[in-house]
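Only one structure is covered here, and it is reproduced in the block below.
Coordinate-derived values only; no laboratory data. All values derive from a computational prediction rather than experimental measurement. Cβ placement follows ideal geometry from the backbone for every residue including glycine, while neighbour counts extend to all protein chains displayed.
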Amino acid sequence: MLKLNDTHELNAEIFVPAARQAEESDRVLQAIKLYNLAGEYTTVVNSLATALGTTLAAPGGGGERARSLEAAAIDIIRHYERMGRAPGRARDAVVKLLRVREALDAKADGRADRALEVCPHFVILCTHVVYVNDENRSWSQQTLSRSTVT
Amino acid sequence: MVLQAVAALGEHLETEIEAVHLAIALAYHGLLRAPSRAESSDITPRECRVDSTCCSVLNTLGLLVSLSSSIPPALSFSTLVWRYVRQFVRLDAKEALQYVHTVTLGADQPGSIGKEQLELAWDLVRRVIVLANAGPAWDELVGGFRADGMRFVCLFFCLVPARVLTENSPV
């Protein structure tokens with residue numbers, strides 16, 4: 001046995017320090033899962049918001065790693081919402097970022113109607129291009145310098 | 001002499017596994033003395049030479065510590081185990097964790113050494129968790145929550161009391 005007497009000790013000696021080390025090693029998904037196991041719910045949603053923001057901005061959507069992160073984020077947020085955990089702006093941000101991802105995926109598949117349905121009020125910012133959902137409920141692509149972001 | 005023999009076996013890649021298993025057996029029977037942090041830090045890498053005249057000995061890989069003739073030699077068990085498991089920790093983290101777990105056999109040593117051995121074991125457990133390859137095997141290693149919020153069994157169930165894990169509520 002590892003001689004860990006209670007949950008507090010397990011979290012303090014194993015999960016939380018391991019999560020920090022994983023974060024430092026750029027293993028974001030593992031870090032988030034470990035924080036989740038340790039019951040550090042606020043840290044989980046903060047890390048998710050940061051990581052999802054990064055993957056959305058990444059060229060090509062971040063690849064397989066981003067997909068794993070998003071799948072985990074969906075599961076985690078669903079349960080946090082159900083259990084009322086870590087409410088606040090960070091959790092709302094994670095929900096919105098996941099919707100933005102879904103909309104981007106729908107648009108990439110040529111399903112603009114689905115994209116509009118998922119996030120009808122968002123302005124999706126990419127690195128160089130702004131997709132604007134205008135009053136006619138159609139997506140238009142504008143360069144950042146010309147667009148008015150509201 | 002036995003610890004020196006184990007340290008000598010541990011120096012060579014082809015006999016490293018025998019050194020690890022011998023050390024585990026010695027630790028199990030309470031015959032392995034691990035060095036305290038103070039003892040380990042008293043020796044700098046510059047002194048890594050066997051010195052038959054003054055008993056200030058640390059073998060070339062830093063496994064064996066013997067500061068004076070009045071203090072029995074000590075084997076850095078955690079270093080020996082880690083040097084062995086780090087070769088396969090990414091691919092077989094479960095087995096690595098089982099080996100790392102044996103470091104806690106030194107937890108009943110007198111004074112602060114026992115507590116230090118425990119802390120070293122926890123440190124190695126964290127290293128295994130961080131270094132292990134991501135994927136289903138990693139989830140199996142640390143445990144997790146299914147989509148329905150139920151926690152699933154992990155290897156930690158073998159290493160910590162079940163009540164410690166069940167206290168953690170699902171997501």
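Which FRET efficiency value, to the nearest 0.05, is calculated for A:GLU81 and B:ASN133 with the Förster distance at 25 angstrom and r the Cβ-Cβ distance?
Details: r = 31 Å, r/R0 = 1.24.
Efficiency, rounded to the nearest 0.05: 0.20.
Hey, got the average number of other protein chain Cβ atoms within 10 angstrom for residues in A:71-80?
Values: counts 1, 1, 0, 1, 7, 2, 1, 3, 6, 1.
Per residue, the average neighbour count from other chains is 2.
HN-Hα J couplings of the range B:80-86 from phi, Karplus 6.51/-1.76/1.60, θ = phi - 60°, integer Hz, Gly and Pro as x?
Working through the residues one at a time gives 4, 5, 5, 4, 6, 6, 5 Hz.
Can you give me the distance in nm between label points at B:LEU13 and B:LYS115, each placed 7 Å from the Cα along the Cα-to-Cβ direction?
Going by the 7 Å Cα→Cβ label model, 4.0 nm.
Please compute, for peptide B:111-120, the average count of beta-carbon atoms on other protein chains lying within 10 Å of each residue's beta-carbon.
On the way: counts 0, 0, 0, 1, 1, 0, 0, 4, 1, 0.
Across B:111-120, the average partner-chain Cβ count within 10 Å equals 1.
Scan around B:LEU64 for amide H atoms under 5 Å from its own, H built in the peptide plane at 1.01 Å from N, and keep only partners 5 or more places away or cross-chain.
Amide H neighbours of B:LEU64: B:ASN59, B:SER76.
In sequence order, what are the phi-derived ³J(HN,Hα) couplings for the range B:9-25 according to the Karplus relation 6.51 cos²θ - 1.76 cosθ + 1.60 with θ = phi - 60°, rounded to whole Hz, with x for glycine and proline?
These are the phi-based 3J(HN,Hα) values: 4, x, 6, 10, 4, 6, 10, 4, 5, 5, 4, 5, 5, 5, 5, 4, 4 Hz.
To make sure I understand the rule: partners must be lysines, Cα under 27 Å from the Cα of A:LYS96, and not fewer than 8 residues away in the same chain. Which ones qualify?
Here the lysines satisfying the reach criterion relative to A:LYS96 are A:LYS33, A:LYS107.
Taking only the alpha-carbon atoms of the range A:18-104, what semi-axes of the equivalent ellipsoid follow from 5 times the gyration tensor eigenvalues under a square root, in whole Å, largest first? Before the final figure, lay out each step's value.
Details: eigenvalues 69, 57, 19 Å².
Whole-Å semi-axes of the equivalent ellipsoid: 19, 17, 10.
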